[in-house]
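Visitor: Take a look at the following structure, please.
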Amino acid sequence: KKSFLSSLLAFLFLCYIIVTMVKIIAHELRNKSKAELLAQLKDLKSELATLRVAQVTGGAANKISKIKVVRKGIARVLTVYRQTERSAVKSKIAADSKDKTGKVRLPLDLRVKKTRAIRRALTKEQKNKLLEKQKKRAAAFPTRTFALKA
């Protein structure tokens with residue numbers, strides 16, 4: 001009974017620690033500046049390094065279970081950081097394209113992915129173009145329309 005109670009108590013304590021750990025929320029990160037995001041990323045990475053050391057040295061279970069939360073936090077910070085960088089570059093390109101005439105090319109990583117076949121396919125304008133000979137033939141021999149009796 002004593003071992004069961006102690007293991008149950010340890011399990012409940014571990015669950016409590018996991019629940020009370022501060023989870024990083026993406027929409028809160030979006031309000032932060034680039035420098036703040038990088039500082040938070042540095043803190044999380046150093047915390048992950050200390051947790052990994054604790055894991056190797058046989059540290060407490062709560063520290064080992066916190067590794068996953070910290071890794072997910074690092075991923076969230078990096079995701080928000082990259083999204084903000086991409087949106088800044090897109091807005092800069094859009095502002096620059098207003099000044100220029102003609103088509104402005106986006107960098108490859110900012111373009112729409114789609115599939116290779118769709119990217120290689122002809123545009124609607126290209127599909128509808130006709131050769132000079134086809135245009136002359138269409139003008140000389142238009143499609144006939146018949147009036148049918150009902």
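The values are calculated or read from the model by the stated rules, or taken from the named source; none is laboratory data. Just so you know, these numbers come straight off a predicted model, no measurement behind them. Note: ideal-geometry Cβ built from the backbone for every residue, glycine included; neighbour counts use all protein chains shown. All accessible areas refer to the heavy atoms of the entire protein, side chains included, with ligands and DNA or RNA removed. Shrake-Rupley method; radii C 1.70, N 1.55, O 1.52, S 1.80 Å.
Visitor: Thinking of the chain as a set of Cα atoms, what percent of all their pairs are more than 28 Å apart?
Guide: Working: 6527 of 11175 pairs.
In whole percent, the share of Cα-Cα pairs in the chain beyond 28 Å is 58.
Visitor: In the range 24-92, what percent of the accessible surface is made up of carbon and sulfur (1.4 Å probe, ligands and nucleic acids excluded)? Don't skip to the end; give the middle numbers.
Guide: Working: 2630 of 4570 Å².
It is 58 percent, rounded to a whole number.
Visitor: Next question, about the same structure. Can you work out the FRET efficiency for the pair Asp109 and Lys135, with r the C-beta to C-beta distance and R0 = 30 Å, to the nearest 0.05?
Guide: Details: r = 41 Å, r/R0 = 1.36.
Rounded to the nearest 0.05, the efficiency is 0.15.
Visitor: Simple spin-label model, 7 Å along Cα-to-Cβ: Glu36 to Lys63 in nm?
Guide: Going by the 7 Å Cα→Cβ label model, 3.1 nm.
Visitor: Considering the dipole of the chain built from charges on the beta carbon (Lys and Arg +1, Asp and Glu -1) around the Cα centre, which of Thr79, Gln40, Thr143 is farthest to its positive end?
Guide: Ranked along the dipole, the leading option is Thr143.
Visitor: Here is a further query. Just the Kirkwood number for the range 24-92, please: inverse of mean 1/r across all distinct Cα pairs, in Å, one decimal.
Guide: Values: mean 1/r = 0.0768 Å⁻¹.
That comes to 13.0 Å for the range 24-92.
Visitor: Using only alpha carbon pairs under 8 Å that are at least six residues apart, calculate the relative contact order of the chain and give it in whole percent.
Guide: Details: 51 pairs, mean separation 31.5, N = 150.
Normalised by residue count, the contact order of the chain is 21 percent.
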